[in-house]
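Notes to accompany the following structure.
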Amino acid sequence: MLQAITKLASLKNFYFFCGKLLPWFAWPTLILMIVGLYWGLVEAPADYQQKDSYRIIYIHVPAAWMSLFVYMVMATSAAASLIWKTKASEVVANSCAPIGAAFTFLALATGSLWGKPMWGTWWEWDARLTSELVLLFLYLGYMALQSAFEDKRTAARATAILAIVGVVNIPIIHYSVEWWFTLHQGPTVQVLQEKQAMDKSMLYPLMVMATAFKTYFATVLLMRSRNEILERESHTKWVQEEREHL
Amino acid sequence: MINSSQHALKILLWRDFTLAARNKSEWLNPLLFFVFAAVLFPLGIGPDTTILKQIAPGIIWVVALLAALLSLDTMFRADYEDGSLEQLTLSPYPFALLVLGKIFVHWLLTGLPLILLSPLLATFFHLDVNATLILMQTLLFGTPVLSLVGAIGSALTVGLKRGSMLISLLVLPLYVPVLIFGANAVAAATAGLDISGHLMLIAALLALALTLAPLATAAALRASIG
């Protein structure tokens with residue numbers, strides 16, 4: 001078992017492993033995106049109060065969920081790279097940061113677009129908005145630190161420590177802004193609750209979109225990881241052979 | 001062994017204080033910045049007493065935070081450049097403990113003077129005696145957190161030539177909770193509300209930072225030294 005993992009952790013093997021996994025995430029992403037978007041934007045009924053504006057949740061809510069999820073993936077692989085010094089986990093952690101930042105930005109931007117007609121303002125210093133903004137800063141800081149180092153391995157160690165410090169801080173930041181007067185609505189989707197606050201005709205497309213975002217993340221993560229491996233290993237023989245092969 | 005690491009810590013503290021005494025600008029300049037920057041706000045906003053009173057807690061806390069940020073770059077740099085930091089990692093004593101010692105010296109030179117100077121700023125902003133005392137209390141619990149969390153950022157960037165700008169990008173998001181609790185405690189005190197909850201939360205942040213930050217800083221320094 002351990003042997004299989006260490007074998008996979010070599011960048012060359014990981015490159016081909018990612019390549020094999022890629023279609024298993026790329027095709028479901030395409031299908032789920034089309035189904036989810038059609039279902040959510042066309043089929044699902046309009047809200048009795050917000051009319052069609054509510055439909056932005058099919059992008060906004062999955063993006064907001066992913067913004068935290070990606071950080072967790074990033075911190076987990078950062079921790080793995082600190083503990084086992086595996087290069088593959090360094091690559092995964094590095095590839096997570098720009099994707100996570102993009103999801104966070106998307107959540108903020110769509111929220112702002114929705115906020116203007118609904119709350120009458122583009123921006124409000126509300127708990128969730130503020131902690132999402134701080135999360136974006138954490139991602140940007142991570143990327144800035146990563147690009148400041150010339151040596152990839154030193155960069156990986158430094159950014160890994162920063163990612164773990166960030167994980168300890170995210171709940172603290174979240175709760176410290178929580179007690180402010182909160183304009184944002186409370187969590188609506190609670191799977192374990194018997195009585196759903198959201199009607200099934202709206203909830204199901206949202207779930208499809210959430211899954212589509214997850215597989216999209218996996219797809220892009222695999223692609224970015226493959227790119228970074230090629231960049232790191234560009235001097236090696238197998239990469240040059242791979243280039244000729246193409 | 002415990003005695004000997006205590007002894008090593010004592011020597012380290014003595015050395016750092018001696019160095020600081022001979023290189024005064026390193027810790028005096030952030031203090032001057034603290035006063036100068038705070039004075040700019042009444043000049044920019046206007047001398048209206050009620051407005052100044054209202055924004056005072058936030059401004060004093062933000063300026064304190066920026067002053068702490070300015071002093072971070074020098075925390076490990078000289079020791080990194082002359083190689084003494086590398087010697088410390090090779091010593092048989094727990095590295096995180098020695099790092100904690102260095103952070104303590106940093107706080108004593110930058111954090112403590114901020115607390116002692118804060119009544120002066122409170123007078124500029126027309127804060128009453130009670131609010132000033134609360135401000136000093138929040139700074140007493142809050143500034144060590146600034147030094148401890150800042151040390152992580154300082155350690156991560158110590159190997160870089162132009163790290164000072166990067167430190168602020170890394171550390172400022174992590175300072176958000178301290179700022180919120182610190183500034184709002186003073187604001188609540190001015191409004192006559194109970195602030196024990198705020199103080200306890202800042203103290204909790206301090207306890208957490210005190211236990212975890214030296215370990216993260218030590219790991220970051222080891223990564224920077226390579």
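Values quoted throughout were computed directly from the atomic coordinates according to the rules given, and no laboratory measurement underlies them. This one's a predicted model, so the numbers in the text were calculated from it and none came from an experiment. Cβ coordinates were reconstructed from backbone atoms using ideal geometry, including for glycine residues, and neighbour counts include every protein chain displayed.
Under a Cβ-Cβ cut-off of 12 Å, what is the net charge of the residues other than A:R243 that fall near it, where Lys and Arg count +1 and Asp and Glu count -1?
Details: positive: A:K237; negative: A:E233, A:E241, A:E242, A:E244.
Spelling it out: positives minus negatives among the neighbours equals -3.
Using the Cα centre as the reference, give the magnitude of the dipole from point charges on the C-beta atoms of segment A:19-127 (Lys, Arg: +1; Asp, Glu: -1; all else neutral), rounded to the nearest 20 debye. Could the numbers behind the result be given before it?
On the way: 6 positive and 6 negative charges, 82 e Å.
With Lys and Arg at +1 and Asp and Glu at -1, about 400 debye.
I'd like the orientation of helix B:2-22 relative to chain B: the angle between its Cα long axis and the longest Cα principal axis, in ° from 0 to 90, rounded to 10.
Between the helix axis and the principal axis of chain B, the angle is about 60 degrees.
For each of A:M207, A:M143, A:M202, count neighbouring Cβ atoms within 10 Å of the residue's Cβ, then give the residues from fewest to most.
Working: A:M207 14, A:M143 17, A:M202 20.
In increasing order of surrounding Cβ atoms, one gets A:M207, A:M143, A:M202.
What do the square roots of 5 times the Cα gyration tensor eigenvalues come to for the protein assembly as shown, in whole Å, largest first, as semi-axes of the equivalent ellipsoid? Intermediate results must be reported in sequence, preceding the final value.
Working: eigenvalues 346, 235, 58 Å².
The equivalent ellipsoid of the protein assembly as shown has semi-axes of 42, 34, 17 Å.
How would segment A:20-98 be classified by its alpha-carbon gyration tensor: rounded, prolate or oblate, with rounded meaning a/c under 1.5 and the a/b versus b/c comparison settling the rest? Don't jump to the answer; show the numbers that get you there.
Details: a/c = 5.38, a/b = 2.13, b/c = 2.52.
It comes out oblate by the Cα gyration axes.
Pairs to check: A:K12/B:K161; A:K152/B:K161; B:K24/B:K102; A:K87/A:K237; A:K87/B:K161. Give those whose C-alpha atoms are more than 21 Å from each other in this structure.
Values: A:K12/B:K161 33 Å; A:K152/B:K161 16 Å; B:K24/B:K102 16 Å; A:K87/A:K237 18 Å; A:K87/B:K161 26 Å.
Correct reply: A:K12/B:K161; A:K87/B:K161.
For chain A, the longest stretch holding no GluC sites (Glu not before Pro) located in a DSSP loop with at most 10 other Cβ atoms within 10 Å is which?
A:1-149
Count neighbours as other Cβ atoms within 10 Å of each site's Cβ, and list the trypsin sites (Lys or Arg not before Pro) in segment B:1-87 that are DSSP loop with at most 15 such neighbours. Don't skip to the answer; put the middle values down first.
On the way: sites: B:K10, B:R15, B:R22, B:K24, B:K53, B:R77; in loops: B:K24.
Loop-located and lightly packed - B:K24.
Connecting C-alpha atoms closer than 10 Å in a GNM of chain A, tell me which of A:A148, A:A210, A:A78 has the biggest fluctuation.
Fluctuation is largest for A:A148.
Among B:Q87, B:Q54, B:Q137, which one shows the biggest mean-square fluctuation in a GNM of chain B, springs joining Cα atoms closer than 10 Å?
B:Q87
About its Cα centre, what dipole magnitude does the protein assembly as shown give when the only charges are +1 on Lys and Arg Cβ and -1 on Asp and Glu Cβ, stated in debye to the nearest 20? Walk me through the numbers on the way to the answer.
Numbers: 30 positive and 28 negative charges, 195 e Å.
The dipole magnitude comes to about 940 debye.
What net charge is computed for the residues neighbouring B:L100, neighbours being all others with C-beta under 14 Å from the C-beta of B:L100, Lys and Arg scored +1, Asp and Glu -1?
Numbers: positive: B:K10, B:K102; negative: B:D16.
It works out to a net charge of +1.
Between the DSSP loop rule and a limit of at most 15 other Cβ atoms within 10 Å, which chymotrypsin sites (Phe, Trp or Tyr not before Pro) in segment A:16-52 are left?
Values: sites: A:F16, A:F17, A:W24, A:F25, A:Y38, A:W39, A:Y48; in loops: A:Y48.
For chymotrypsin sites (Phe, Trp or Tyr not before Pro) across segment A:16-52 that sit outside H, G, I, E and B with at most 15 neighbouring Cβ atoms in 10 Å, the list reads A:Y48.
What does the charge add up to near A:T130, with Lys and Arg as +1, Asp and Glu as -1, over the other residues with Cβ less than 14 Å from its Cβ?
Details: positive: A:R128; negative: A:E124, A:D126, A:E132, A:E178.
Around A:T130, the charge tally is -3.
Any idea how far the Cα center of segment B:155-226 sits from the one of segment A:103-145, in Å?
22
Taking chain B as a Gaussian network, Cα atoms linked when under 10 Å apart, which of B:G58, B:G46, B:G111 shows the biggest mean-square fluctuation?
Comparing B:G58, B:G46, B:G111 in a Gaussian network model of chain B, the most mobile one is B:G46.
Any chance you could check the Cα centroid distance between segment A:212-243 and segment B:134-148 for me, in angstrom?
Spelled out, the Cα-based centre of one part sits 46 Å from the other.
Which whole-number percent gives the relative contact order of chain B, counting Cα pairs below 8 Å spaced six or more residues apart? Walk me through the numbers on the way to the answer.
Details: 243 pairs, mean separation 59.2, N = 226.
So the answer I get is 26 percent.
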